[in-house]
Amino acid sequence: MAASSPNEELLALLCRSRRGGIHELHQCPEGSAEWNDAGQPIPACLLLHDLEIGSLPLGFGSDPMFATVTELDLSGNRLTSLPPDMFESMKCLRVLFLGGPGPKFTPEGASCNMLESLPQLKYLVHLEHLSLHDNQLTTLPELANCAVLHTLRLDRNPLPELPVLPPSLRVLHLEGCPLGGTLDLPENLPVQVRALPRLEDLQLPDGSHIGEFFGTPLPSLLRPRLPGDLLPKIDGTVRYGT
């Protein structure tokens, strides 16, 4: 059960949020987020990136005050884990950044999070953009409830396999993941990727970028090439290609 009122550590962290939008190039200084009349910062866009806090305080995400948050940026905080109930109250969340700020093997990526797993995402039914690049993820939770998710960044995570991906995906980045599939051998991509009907922008595990913008027709490239090739249905079961 969530606490009846936010604790001091949680409020202190929220006070450091920046004002602005998550996709804005020039964001306001730390601590510039607007407060409501009750004296508690509940901005719809919660920008808490590059604070290097190491961990999140009790109640982060699960407290009812998070019910109005639509965008959350926690990149660049050296986080190694997230509270298991973190997303229970964040049912309005549309954009979630947990990756970055830069490739983890560069100086810019020294403060990257190092998450190995994530809490359940089944509450995030309005999630559109999920950025998880440059973590240490070895598994992903189910994404079936994220029915409007259009952008998923998984680059540079040691993911050996993928869950069934929502058919709404249009952008998928897999650079640096130990998965099959190259520009010459796209049939080796995970079947979860090749089954996506609306994909427009795909970054392959070897770093190659393909899609409409790059002049590569994805439907023909990802179509099964071998008889009996397995493709997952939207509900997670499997069908055979012809």
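The values are calculated or read from the model by the stated rules, or taken from the named source; none is laboratory data. Since we're looking at a predicted model, the values are computed, not measured. Ideal geometry is used to build each Cβ from the backbone, glycine not excepted, and the neighbour counts take in all protein chains shown. Surface accessibility is based on the protein's heavy atoms, side chains included, excluding ligands, DNA and RNA. Shrake-Rupley method; radii C 1.70, N 1.55, O 1.52, S 1.80 Å.
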Practice problem: Take the solvent-accessible surface of the protein heavy atoms, probe 1.4 Å, and return the percent of it on segment 58-169 that carbon and sulfur atoms account for. | Solution: 57 percent
Exercise. Give me the distance in nm between label points sitting 7 Å out from Cα along the Cα-to-Cβ direction at E108 and E34, one decimal.
Key: 3.1 nm
Practice problem: Compute the separation of the alpha-carbon centres of segment 94-158 and segment 45-91 and state it in Å as a whole number. | Solution: 13 Å
Quiz prompt | Karplus 3J(HN,Hα) series, Hz, for segment 188-198 with 6.51 cos²θ - 1.76 cosθ + 1.60 (x for Gly, Pro) | solution = 8, 5, x, 4, 4, 6, 5, 8, 6, x, 10
Quiz item: Once phi is turned into θ = phi - 60°, what whole-Hz ³J(HN,Hα) does the Karplus curve with 6.51, -1.76 and 1.60 give for every residue of segment 174-185, x standing for Gly and Pro?
Solution: 10, 3, x, 7, x, 10, x, x, 9, 4, 7, 10
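Going by average Cβ neighbours within 10 Å, how do the peptides 185-197, 207-219 rank, with the highest at the top?
By packing density, highest mean first, the sequence is 185-197, 207-219.
Counting Lys and Arg as +1 and Asp and Glu as -1, what is the net charge of the other residues whose Cβ lies under 13 Å from the Cβ of L132? It would help to have the intermediate numbers written out before the result.
On the way: positive: K104, R153, R156; negative: D73, E116, D134, D155, E175.
Combined, the nearby Lys, Arg, Asp and Glu give -2.
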Quiz item: Residue-wise, which Karplus ³J(HN,Hα) couplings in Hz belong to segment 123-131, taking 6.51 cos²θ - 1.76 cosθ + 1.60, θ = phi - 60°, and x for glycine or proline?
Solution: 7, 8, 6, 9, 5, 10, 9, 10, 10
